[in-house]
1. Using a Förster radius of 35 Å, what is the FRET efficiency between residue 27 and residue 110 based on their Cβ-Cβ separation? Nearest 0.05, please.
2. If you line up the Cα atoms of the chain on their principal axes, what length do they span on each, largest first, in Å?
3. Would you calculate the separation in nanometres between label points at residue 74 and residue 19, each defined as 7 Å from the Cα along the Cα-to-beta-carbon direction?
4. How far is helix 85-122 tilted, in degrees, relative to the longest principal axis of the Cα atoms in the chain, given as a value from 0 to 90 rounded to the nearest 10?
5. Compute the Rg to Rh ratio over the stretch 10-80 from the alpha carbon atoms, using the Kirkwood formula for Rh, and round to two decimal places.
6. Using the alpha carbon gyration tensor of the stretch 84-126, what are the three equivalent-ellipsoid semi-axes (square root of 5 times each eigenvalue), largest first, in whole Å?
């Protein structure tokens, strides 16, 4: 198992993206990088955990292709790569469609019931 291939199929890449997004610290790192590229040290200073812990998070984000790394002098600078998030968005879109349809059905039901109750309350009582 030591010499596993590092290339990902589409499904494996999506799984790696979801795994990376499963941690709140990694999501916070991505939120931080939405503002622009930053050196690893500056990223680490934004969190109450050790630099080695942030380094591990950055490594996992890099392996999931959610961040890109380049060197500027002695610094490793990270920037957000939003491309893998498209697969997440596509997956979530299915649920948006489901919930939109469900909410539309609920709206129709409530409006129909309200109309019935309004008509019934206007009828003269014997």
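None of the figures in this text is laboratory data; all of them are computed from the coordinates on show. Just so you know, these numbers come straight off a predicted model, no measurement behind them. FYI the Cβ positions are ideal-geometry reconstructions off the backbone, even for glycines, and counts take in every protein chain you see.
1. On the way: r = 35 Å, r/R0 = 1.01.
It comes to 0.50.
2. Principal extents (Cα only, largest first): 89, 35, 22 Å.
3. 3.4 nm
4. 20 degrees
5. Values: Rg = 11.6 Å, Rh = 12.1 Å.
For the stretch 10-80, the value is 0.96.
6. Gyration-tensor ellipsoid for the stretch 84-126: 42, 5, 4 Å.
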